[in-house]
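Beneath this line is the structure, given in C-alpha cells, with notes to follow.
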Amino acid sequence: MKRAYILLSALAFLIVASCSSPNSDKPKYVFYFIGDGMGIQHVNAAQLYLDSVEHYNNQTSISFLDFPVGSFATTYAANRYITGSAAAGTALSTGSKTSIGTIGLNADHSDSLFSIAKQFKQNGFKVGVVTSVSIDHATPAAFYAHQPERDNYYEISLDLARSGYHFFAGGPVKDPTGKRSNNPGISFYELAEKNGVAITDRLDLVDSLSKTSKTILYNAPNTASGNSLKYEIDRKEGDVSLADLTSAAITALHNPDGFFLMVEGGKIDWAAHDNDGAATIKEVIAFSQAVAKAVEFYNKYPNETLIVVTADHETGGLSIGNYLNGYNSNLAILREQNVSQGELAATLKNLKVEKPKASLNEVKDSLARYIGLFTVISPDDKESKELEKAYSVSFGGATSSKHYDSFNYNGVNDVAATGVAIVNRKAGLGWSSYSHTGSPVPVYVMGSGDALFKGSMTNTDIPLRILKATGIESR
Ligand SMILES: [Zn+2]
C-alpha cells in the first residue's frame, strides 16, 4: 500500500513537472523584435488609445501585452547612462556594452563583438534582419556590421553584402557608392552582386528568390525621408508596412533547421523625438501588427518558437498625464491628427513656397484639416498666442526661441511643432525630452524558454538568454 502510494506520488510529481513547463523544448524559430525608442509608456499609450477609439486597422489590443513573461531591462551604455541606438543595438545583438555611436565593436574599438545573428548562422539557422528605416541604420547594422561610427553608411553596406545572412528588408542603403566615405572603393551594388545578394523591390518575388538566392535584399519602394518606410499615420494604400516585411521574412526564412529574425520598429523613436504622440502611438500599433505575424507563426509551432519583444531605449520621456491636464487623459482626440508632424511641416513649407504671404487664417485652415485644431480641439488664449508666435517664425521670418531635436528630416517647422504640442497637451500626454532618456525598457517574451526572461535585466542579458534558450554556446 505504502509502496503504491509512493509510486503514485512520484508519477503525479512527474506529470505536474512536465505540465508546469510546456515550453521546455529548445526553440528553433527565434523572433527578436526591437521597438526603437519604445518605452513602457509608449506601449501603454498605444493600448489606451486603442481602448479609447475601440480599434485601429481592425486591431483592438497591442499584440504582446498578454505575453506570459513581462519584465524590464536597463539600457545604460559603457560610457554614458543615457544610451543611443548604436550602443544599445550592439548590447542587444552581442551581449556586451559598448560606447555611444559604436556598431559591433568594443568600447575603445580595439576588438570586434559578434552578434547572436552571426552565431545563429554558424549553427545552421537562416538569419533575417528587417527594419522600417534604412537597412544600414544603427539597430539593424548592429546585427551584421562592425564600425566605429554609426554614420559609416557605406562601410556598413559593405558589411551587409559580406554577411551571408539570408534575408534583409527595409529602406535602401544610404551611401552605396561611398560618396560620403573617406575610403570609397567597390560599390555596394557590385559587392552585393559578387556575393550573391539578389536585390528586389517586389515582395511578391521574395518566395521564388528565396529558393534560388543565397541572400535577398528587399528595398522598400516609395520611401519617406531618410530612406524609411512611411510613418503608419502617413501610410497610403499600396505602401508596405512593417507587418508586410515580417511576413515576407517568415516566407523567406522558414525551413526545418530553424531561423533567427530581428525586426526593428525604427520610427517609434523618430516620432518620439518630435514629441508627436499620434504618430508615436500609430508606430507602436504598426510594430504590434508585425509582432502579430510572429504570434500567428507561434500558434502553428508553439513548442519550437520563441518571441522576444523589447526596445533599445526610451525616447522623449513620455508620460500619460501632464502638469496642465492633471488627472485628465483624452487620447481619443489624437484620432483627429491624420498626418505626422514631419508631414505637416512639409505641407506648411510647400504652402510658404506657393504663398509666401499666406495669412494666419490660411495656416489655421491647414491645422484644422491635418491635426484637428480649431475644429474638434480648441486652443485656449495662451495656446493661440503660441501659435501666432510660431506663425511669425515660420511665415514672418521671426527667430524661433525654441529648441527642437527633430528627426523628421523635413526640418523643424514652428507652426507644426507648436500645433502638435497643443494636441498632445489636450490629449493628456506629457513629454520631458526631445532626446532619449535613461528609463528602463519593457521586455515581453512568449514561447520556448520564456521563463529565462523573468526578473529584471540589463540589455546585454537579453541576447545571452536567447542563446541560452536555444542551447547555443555564447562565445
Ligand atoms: Zn533616437
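The values are calculated or read from the model by the stated rules, or taken from the named source; none is laboratory data. What you are looking at is a predicted structure, and each value in this text was computed from that prediction instead of being measured. Here the Cβ positions follow ideal geometry from the backbone for every residue, glycine too, while neighbour counts run over all protein chains shown.
Only one residue in A161, A145, A87, A117 is touching a residue at least 12 places away in the same chain (Cβ under 8 Å), part of a loop (DSSP other than H, G, I, E, B) and either touching a helix residue (DSSP H, G or I) at 6+ places or on another chain (Cβ under 6 Å) or on the phi < 0 side of the Ramachandran plot (or both), so which one is that?
None of the others qualify; the one that does is A145.
Go through region 47-78 residue by residue and tally those that are of a type in the set (S, T, N, Q) and assigned to a helix (DSSP H, G or I).
Adding up the residues that qualify gives 2.
Please specify each residue of region 287-315 satisfying the condition of being more than 19 Å from D244 (Cβ to Cβ), acidic (D, E) and either under 21 Å from the mean Cα position of the chain (by Cα) or modelled with pLDDT under 95 (or both).
Correct list: D312, E314.
Take region 49-62 and flag every residue that is out of contact with any Lys or Arg (no Cβ under 9 Å at 6 or more places or on another chain) and surrounded by 19 or more Cβ atoms within 10 Å (Cβ to Cβ).
L50, I62 - these are the residues of region 49-62 that are out of contact with any Lys or Arg (no Cβ under 9 Å at 6 or more places or on another chain) and surrounded by 19 or more Cβ atoms within 10 Å (Cβ to Cβ).
Which residue, of A286, A271, is within 16 Å of the ligand (Cβ to nearest atom) and closer than 30 Å to D414 by Cβ?
A271
Determine which member of the set E343, E354, E386, E304 is out of contact with any helix residue (DSSP H, G or I) (no Cβ under 8 Å at 6 or more places or on another chain) and crowded, with 18+ Cβ neighbours inside 10 Å.
Exactly one of E343, E354, E386, E304 is out of contact with any helix residue (DSSP H, G or I) (no Cβ under 8 Å at 6 or more places or on another chain) and crowded, with 18+ Cβ neighbours inside 10 Å, namely E304.
Kindly indicate which of P302, P256 is free of Cβ contacts under 8 Å to residues at least 40 places away in the same chain and not assigned by TED's automatic domain parsing to the domain that holds E383.
Result of the check over P302, P256: P256.
For L217, all conditions in the list (1) closer than 20 Å to E283 by Cβ; (2) outside any helix (DSSP H, G or I); (3) of a type in the set (A, V, I, L, M, F, W, C) hold save one; what is the number of the exception?
(1)
Can you go through V291, V363, V308 and tell me which one is in the same structural domain as T74 (by TED's automatic domain parsing), part of a helix (DSSP H, G or I), at negative phi and touching a residue at least 12 places away in the same chain (Cβ under 8 Å)?
Answer to the selection: V291.
Any residue that is within 16 Å of the ligand (Cβ to nearest atom), at pLDDT 95 or above, crowded, with 23+ Cβ neighbours inside 10 Å and under 14 Å from S319 (Cα atoms) - is there at least one of those in region 451-461?
no
Which residues, counting only those in region 59-104, are within 13 Å of the ligand (Cβ to nearest atom), within 21 Å of N152 (Cα to Cα) and β-branched (V, I, T)?
Residues satisfying the conditions are T83, I100.
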